[in-house]
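Asker: A single structure is presented below for examination.
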Amino acid sequence: MIQYIKSLTKSINKRKFFFFCGDVIAIVTSLHLAFLLRFDMGIYSYYLKNIWIFTITFLLVRLSVFYFFGLYHISWTYVSLYDMLAIVKAATLSTALLGTSIFFLGKNLSAFLIFPRSVIAIDYLLTLIFIGGIRTAKRCYLQINVKGHTDGERVLIVGAGDTGERIVREMEKDKRGRYYPLAFVDDDPAMHKVTIRGVKVLGTRQDIPRLIQQLQIDMVLIATPSASSKVMQDIVVLAQKAGVKNIRIIPKLCDLISGKIRINDIREIELDDLLERTPITIDTVSINEYLKGKRVIVTGAGGSIGSELVRKIATFHPAEILLFEIDETELFYLANEMDEQFPNIHPVLGDITDVEKVKRVFNSFKPQIIFHAAAYKHVPMMEYHPDEAVKVNVMGTKIVAEAAAECGSVEKFVMISTDKAVNPTSVLGATKRIAEYIIRGLNATSETTFIAVRFGNVLGSRGSVIPVFQRQIKRGGPITITHPDMQRYFMTIPEATLLVLQAAAIGNGGEVYVLDMGKPVKILDLAETLINLSGFEPNRDMPIVFTGMRPGEKLFEEILTAEEGMLATKHANIFIAKLSESIDTQALEEKINRLFELSTNSDKERIIESLMEIVPTYSPNNLFISLYIPSPINIINTTHPATV
């Protein structure tokens, strides 16, 4: 690393020295040539004997102004229009200063008494040409040479806007010559036959199949990342029908860490690119205010939501992050990943139902912010094991939340909840609803701010519907769906975690926040889109089979009960649920203790009855099946319907 820094410093200093020497030569040459042009290639002896004074004056003024405008920090390879404007400004200002200086010097120094003003004008133009030429020389050289790279993947670019132009520029600069841009397509008629950096717009997206055959295209690159999901799906279908499976996309500029498009940013198109999602905006300032410099604990840190929370939290510069996780493998991988980006990581292997371990960790680490993401989440599995759902989702939450309240250092406690807690028909939903009761009760009696954030399914989380569908497609089908009308709210993992952080920023205590999940998605539509993305046609190449609803499932998940309404917050994607129930903490404590005793004895029937008593809106839709099943092996069979 030290060697790299030394090498980089040496490289930068060499560039600055080269530019400085080049500017000295350019300034001297420009001045002498200006005199020669002014006096028809012959300089009068009066000016000739004073030329050294003129030269020193021009060098001092111009070099000082060039340094002030940052002309010695310009990249030789990536010089831009912005850099050229800086050169024009520097040359113009230095010329104005020279004209003013010569005017005043002429009153005291005879050498400047009759200095020709036309020389200043000629010198200005020559300086622009020479100084600009030095800085664009390498760029022009690379531009001429990379045009010869024709052995890379033959690329058809969809979208001839700014993003398309930038990616062609990056392809031209790629020394490895991985891509050869052959043509654009764009739906704007005004762009037809326009040439961008030597690449012509040859039609609209409807011409994709024809151009793929005509130009022998290897890859279709979507350079319109803000296009609607319908347009994206059309492009995918058109490309795949023409025989191109390699379809890639450029992320939105706002999603790129550097804020610039690079060759390595090109990625495969993913399912969430094809789903209609409204972009979310985040107030990073408010998130930074409560996370910067704080000690943070994330429980369930190895899970889909927990691990992404850790990654996002690290970007807001907390003092330390403690990863609390029961799965040693996931904890190991996450700790290794984060250690490269954020050194103040403390991986702790532990179980949230271990009271003494939780208290010991909290009292030692003294957390200020806690994100509680540890929970069981699979609906059918919890129907078979309600005792375990109670132990983790109810008792685990109670142990962690009470330890936070007793610790004395915790400012804010954020629990991840679910839309399945609304009018629950599953053990999972009922236990998560009780977890909401617990933190609301503690908020009323503790100095710690307790809030819950309720949202639906996240795309691509482990064990969710999408990885299951992908495995079924890879296996050759069939795709199994429980019901043709099954619908779910979906959100990407990064979206969900950012909104959790945002909700925590605005939470005052006792609230259950509801995230705007957009429109519900039919699982059938999701399956068909994924099949298309994989290069197959639904029900022709890849059969879809309906298997019937499973224990605890609902056709449609709600985010609010009939009695609840929503209150708007200052953030467009976050609402507060107007909760109808009042929490009697003493009565709740007694009921939860009884529930825990039942779970210890694995008394399934009485656990369900106790859940129904605590959560009046809980209505098991498969009570008999969930209590009397022959074997749990069926639920882990690889051909079992996908979990949604």
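Quick note: the coordinates plus some simple rules give every number you see, no bench work behind them. It should be emphasised that the depicted structure is a prediction, and the values quoted were computed from it without experimental measurement. Every residue, glycine as well, gets a Cβ built from its backbone with ideal geometry; the counts of neighbours run over all protein chains shown.
Asker: Taking amide hydrogens as modeled 1.01 Å from N in the peptide plane, which residues meet the under 5 Å criterion relative to I196, leaving out close sequence neighbours?
Answerer: V201
Asker: Determine ³J(HN,Hα), in whole Hz, for all residues of segment 43-51 in sequence, where each value follows from phi through the Karplus function 6.51 cos²θ - 1.76 cosθ + 1.60 and θ = phi - 60°; x replaces Gly and Pro.
Answerer: Per-residue couplings from phi come out as 9, 4, 4, 4, 6, 5, 6, 9, 4 Hz.
Asker: Give the calculated FRET efficiency between E340 and L125 to the nearest 0.05, with a Förster radius of 60 Å applied to their Cβ-Cβ distance.
Answerer: 0.70
Asker: Rank these for me by crowding, E340, E590, going from fewest to most other beta carbons within 10 Å. Mind dumping the intermediate values first?
Answerer: Working: E340 8, E590 11.
Ascending Cβ contact count within 10 Å gives the list E340, E590.
Asker: I've got another one for you. Provide the gained length on full extension for the span K245 to W52, in nm with one decimal, where the gain is 0.36 nm per separating residue minus the Cα-Cα distance.
Answerer: Working: separation 193, 0.36 × 193 = 69.48 nm, distance 6.80 nm.
Result for the pair: 62.7 nm of gain on full extension.
Asker: Shape of segment 153-269 from its Cα gyration tensor (a ≥ b ≥ c, root eigenvalues): rounded if a/c is under 1.5, otherwise prolate when a/b > b/c, or oblate?
Answerer: Numbers: a/c = 1.32, a/b = 1.23, b/c = 1.08.
It is rounded, given that a/c, with a ≥ b ≥ c, falls under 1.5.
Asker: Exactly which trypsin sites (Lys or Arg not before Pro) in segment 164-199 are in a DSSP loop and have at most 11 other Cβ atoms within 10 Å? It would help to have the intermediate numbers written out before the result.
Answerer: Numbers: sites: R166, R169, K173, K175, R176, R178, K193, R197; in loops: K175, R176, R178, K193, R197.
For trypsin sites (Lys or Arg not before Pro) across segment 164-199 that sit outside H, G, I, E and B with at most 11 neighbouring Cβ atoms in 10 Å, the list reads K175, R176, K193.
Asker: Which of the three applies to segment 345-479, rounded, prolate or oblate, going by the alpha-carbon gyration tensor with a ≥ b ≥ c and a/c under 1.5 meaning rounded?
Answerer: Prolate shape, in that a/c is at least 1.5 and a/b is the bigger ratio.
Asker: Modelled label-to-label distance, Y333 and E411, 7 Å Cα→beta-carbon offset: nm?
Answerer: 3.3
Asker: Listing M486, M84, M415, M381 from the residue with the fewest other Cβ atoms within 10 Å to the one with the most, what is the order?
Answerer: Starting with the residue having the fewest Cβ neighbours, the order is M84, M381, M486, M415.
Asker: Counting DSSP beta bridges with both partners in segment 153-269, what percentage is antiparallel, nearest 5? It would help to have the intermediate numbers written out before the result.
Answerer: On the way: 4 of 18 bridges.
In segment 153-269, approximately 20 percent of DSSP beta bridges are antiparallel ones.
Asker: Would you work out the charge dipole size for segment 198-242 about its Cα centre, treating the Cβ of every Lys and Arg as +1 and the Cβ of every Asp and Glu as -1, and quote it to the nearest 20 debye? Please list the in-between numbers first.
Answerer: Values: 5 positive and 3 negative charges, 19 e Å.
The dipole magnitude comes to about 100 debye.
Asker: Also, quick follow-up: Just how far, in whole angstrom, is segment 334-387 from segment 397-451 if you go by their alpha carbon centroids?
Answerer: A separation of 15 Å, based on Cα centres.
Asker: Using 27 Å as the Cα-Cα cut-off, could you pick out the over-long pairs in K359/K391; K200/K230; K312/K432; K173/K312?
Answerer: Listed pairs above 27 Å: K173/K312.
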